[in-house]
Amino acid sequence: MDDHDLLRYSRHILLEEFGIDGQARVSAGRVLVIGAGGLGSPVALYLAAAGVGHIVLVDDDEVDLTNLQRQVVHTQARVGQPKVASAAQAMRDINPGIAIETHAVRADEALLSRLVAEADVVVDCCDNFATRQAVNRACVAHAKPLVAGAAIRFDGQLSVYDTRDDACPCYACLFPPEASFEETRCAVLGVFGPVVGTIGTLQASEALKLLAGIGPSLAGKLLMFDGRSTGFDTLRVSRDPHCSVCAQRPQAGA
């Protein structure tokens with residue numbers, strides 16, 4: 001870490017819990033971000049600003065005028081561009097010293113398996129149930145911590161699914177893939193812009209804590225946010241021993 005980095009990241013380094021060692025881990029870290037929309041916008045910006053060494057963005061969508069009410073990483077001048085390209089431009093404007101890898105495709109099982117295996121932390125900012133399940137399966141298979149958020153209307157939720165801890169549930173423990181969930185899309189129901197900003201910012205916070213080795217994380221807890229009353233609730237969540245995804249995972253120390 002040179003003098004330029006010491007100055008640039010000085011406000012993190014000054015934190016006793018973070019310090020130079022924490023910043024060094026962040027700078028050496030690799031984070032996979034699935035989705036460059038409402039949740040992915042603050043995630044991408046904060047990870048870039050914090051100096052995460054290698055950030056991988058996956059999103060198959062293009063910037064649309066209706067996105068700009070909440071997807072703050074994009075601009076009107078970039079309407080029509082791939083979201084990953086637009087986000088990468090904003091991230092490089094903040095921090096040209098980091099590596100950014102983009103994939104303007106829908107995340108399928110093969111791509112996820114490869115990208116998750118290479119990542120230190122995975123941040124799920126997507127907007128559909130099928131992709132969330134695919135991301136979770138890849139994270140369980142490769143024993144990588146998953147920071148997953150969701151938001152619709154005035155409501156948001158967030159948790160860390162870290163199956164390196166035998167007691168920690170995976171996403172499918174709480175939301176089984178075989179269950180029937182009604183998909184709710186903001187194009188139909190709407191979403192309050194600051195809610196996705198709140199959840200996305202907290203996702204960035206959890207990802208950076210995992211990289212830096214400071215904690216505790218939200219593993220084993222589900223954080224619920226009500227944007228109407230500006231209130232948070234935290235629920236304890238546990239592993240499902242019969243989970244169709246993680247029940248057969250290797251035990252720690254086995």
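The values are calculated or read from the model by the stated rules, or taken from the named source; none is laboratory data. In this text, all values refer to a predicted model and were calculated from it rather than measured experimentally. Quick reminder, even Gly has a Cβ in these numbers, built from the backbone with ideal geometry, and neighbours come from all protein chains shown.
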Report task. Could you pull out the residue among Gly38, Gly19 that is more than 19 Å from Ala148 (Cβ to Cβ) and touching a helix residue (DSSP H, G or I) at 6+ places or on another chain (Cβ under 8 Å)? Result -> Gly19
Requested in this report: Mind listing whichever residues of segment 108-125 are assigned to a loop (DSSP other than H, G, I, E, B) and either acidic (Asp, Glu) or touching a Lys or Arg at 6+ places or on another chain (Cβ under 6 Å) (or both)?
Outcome: Asp108, Ala119, Asp120
Query raised in the report: From Ala143, Ala119, Ala107, which residue is modelled with pLDDT of 95 or more, small (Gly, Ala, Ser) and at negative phi?
Result: Ala119
Query raised in the report: In the set Val140, Val135, which member is over 13 Å from Cys246 (Cβ atoms), out of contact with any Pro (no Cβ under 6 Å at 6 or more places or on another chain) and in contact (Cβ under 8 Å) with a residue 40 or more places away in the chain?
Result: Val135
Report summary line: Matching residues in segment 61-88 (of a type in the set (Val, Ile, Thr) and outside any loop (DSSP other than H, G, I, E, B)) number 2
Requested in this report: Identify all residues within segment 11-20 that are surrounded by 11 or more Cβ atoms within 10 Å (Cβ to Cβ), over 21 Å from the mean Cα position of the chain (by Cα) and part of a helix (DSSP H, G or I); write none if there are none.
Outcome: Ile13, Gly19, Ile20
Report summary line: Picked from segment 130-178 (must be part of a strand (DSSP E or B) and among the hydroxyl-bearing types (Ser, Thr, Tyr)), the residue surrounded by the fewest Cβ atoms within 10 Å (Cβ to Cβ) is Ser159
Query raised in the report: Within segment 49-63, restricting attention to residues that are in contact with a His (Cβ under 9 Å, 6 or more places away or on another chain) and more than 30 Å from Arg11 (Cβ to Cβ), which residue is surrounded by the most Cβ atoms within 10 Å (Cβ to Cβ)?
Result: Val63
Query raised in the report: Which pairs have Cβ atoms under 6 Å, sit 6 or more apart or on different chains, and link a residue in segment 86-102 that is farther than 23 Å from Val116 by Cα to one that is of a type outside the set (Asp, Glu) and surrounded by 16 or more Cβ atoms within 10 Å (Cβ to Cβ)?
Result: Ala90/Val73; Ile94/Ala48; Ile94/Ala49; Asn95/Ala48
Report summary line: The one condition Val105 fails out of (1) without any contact (Cβ under 8 Å) to a residue 60 or more places away in the chain; (2) β-branched (Val, Ile, Thr); (3) not in a loop (DSSP other than H, G, I, E, B) is (3)
Report summary line: Contact list, first residue from segment 206-227 and within 26 Å of Gly19 (Cβ to Cβ), second anywhere and in a helix (DSSP H, G or I) and hydrophobic (A, V, I, L, M, F, W, C), beta-carbon distance below 7 Å, six or more apart or interchain, is Ala207/Leu47; Leu208/Val26; Leu208/Ala50; Leu211/Val26; Ala212/Val26; Ser217/Leu210
Query - Filter result for the condition that a residue is within 21 Å of Ala50 (Cβ to Cβ) and in contact with a Lys or Arg (Cβ under 9 Å, 6 or more places away or on another chain), over Lys144, Lys209 - result: Lys144
